[in-house]
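Report on the structure given below.
No lab work stands behind these numbers, since they all come straight from the coordinates. This is a predicted model, so every value here is computed, not measured. Virtual Cβ from ideal backbone geometry, glycine too; neighbours counted across all protein chains shown.
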Amino acid sequence: MHLDWSTLALQTVNVLVLLWLLRRYLFRPVAEMIAARRRAAEALLAEAAEKRRAAEAAAEEIARREQGLAAEAEQQRAAAEEGAAAERARLLAVAEADIARIRAEAASAIRRDRTGQRRTLEAEARDLAATIAARLLARVPGAAVSAAMLTSLAPVLAALPAEQRGALGGEIEVVSAAALSPTEQDACTALLGRVLSPPPVLRFRVDPRLLAGIELHGTHAVLRQSWRAELERLAHELRQEDEDVAPVLA
Amino acid sequence: MIASPLSATPLFHLGPATITAPVVTTWGIMLLLAGGSRLLTRRLTLRPSSGQAVLELLVDTIDGQIRDTMHDDPARYRVLIGTLFLFILAANWSSLLPGIEPPTAHLETDAALALIVFIAIPWFGIRTRGLRGYLATFAEPSLLMVPLNLVETITRTFSLLVRLFGNVMSGVFVIGVVLSLVGLLVPVPLMALELLTGAVQAYIFAVLAMVFISAAAAPQPARAQNETKDRTS
């Protein structure tokens, strides 16, 4: 068995050179490319993972915002309900105030109407009473009525305080429903001359609206002793009674 | 008349050195492998072409074999193991070309390959374990094994040489004998079988080189555990 040492040496060198050549031109560049691809894939995976985390964070942010919006919507709805309740209470208060005002106005109108009707009725009643009194007086002699009035005038004058009697003054207009006869005028002059001092100067005038009786129109005072005056006093008293009762009705 | 397979045909002289046919064939194989690699790796991109994909598959397969056999990072052994495999495979398959005799059918080429493995074993062992650690491997499992381990270091390298040489040379010799006896087409099945034998022998040589180197440069237990965790993770 023969071994060619020079060939062995050359082949050893050849294999060593081939080791260097393949290391330079095959294994190193390919391994580096594989490593580069692995790094690129890892970078891509890392980027994908980062994007996934970002997407998850964005989704959480969106969910959190949705919750915030829901809570805000709930707050706004509660605020709107409170506002609506306040507005409803305000409108109710306004409506109640309007109702009270309208009721007050209606009550006032009713009172006014009632007062007007009552006055109308009073006027009609007064006219009716005057008519009835006139018809009744038509059946009674005027002289008798005048004499009765003159007779009733005496105690009235006597009951007046002195200063009121003095206010009648020195000149008095004697108004009667029917013309006084000279006798009656003399009686009247005598009566007044006894009660009043100094004796007044009398003027006589006829006013059928008095229905019956006599009125003394002095300088500063009037003494009414006639049926019309009585009727008016009665009507005034009735009106006073109605006004006292009206607040209770309202 | 068939020439002796144990002798190489001298072609010319280059100074004091005799250039034989296996050397020239080896140069051709080197030119083919290095030139092809240079052409294929000029424009490597992240989006590989078909050729680049084949290259990457080849390198990744070699890395996988190294990782499975040596249980270590393949980067340190990739060049040696990959070059041994590719050269032996190309040398074995060069017999398909008419008039070309595979360099591995000659003792000098196989001896050169075995010599490189023989040197690589302590090289990687010392780099990994240190000189004392590497020398301590000869005393495993006991000091009594030191002589046997020393002998084994030589004999296993010699077995590499003889195995490759015997298989390739016998195949070439048988094909030459058959071709000289029965004509042109009869050796074709034998040549196809020789293709398979050449690939298997290249694989066996690379795997045995990995086993021998791994035995000398086996990683420390803690390191091995860490790398196992890295691989599993």
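Around the Cα centre of the range B:53-232, unit charges on the Cβ atoms of Lys, Arg, Asp and Glu (plus for the first two, minus for the last two) sum to a dipole of about 480 debye. Among B:Arg67, B:Arg42, B:Arg132, the residue with the largest mean-square fluctuation in a Gaussian network model of chain B, with springs joining Cα atoms closer than 10 Å, is B:Arg42. Calculation over all alpha carbon pairs of the protein assembly as shown in 10 angstrom steps from 0 returns a P(r) of 3, 12, 13, 10, 6, 3, 3, 3, 3, 3, 3, 3, 3, 3, 4, 6, 6, 6, 5, 2, 0, 0 percent.
Farthest towards the positive end of the charge dipole of chain B, among the residues B:Gly176, B:Thr69, B:Leu193, is the Cα of B:Thr69, using unit charges on the Cβ of Lys, Arg, Asp and Glu.
Axis of helix A:5-22 versus longest Cα principal axis of chain A: the two differ by about 10°, to the nearest ten degrees. Between the listed residues B:Pro102, A:Ala107, B:Ile19, the Cα displaced farthest toward the positive end of the dipole of the protein assembly as shown, a dipole computed from Cβ unit charges relative to the Cα centre, is found at B:Ile19.
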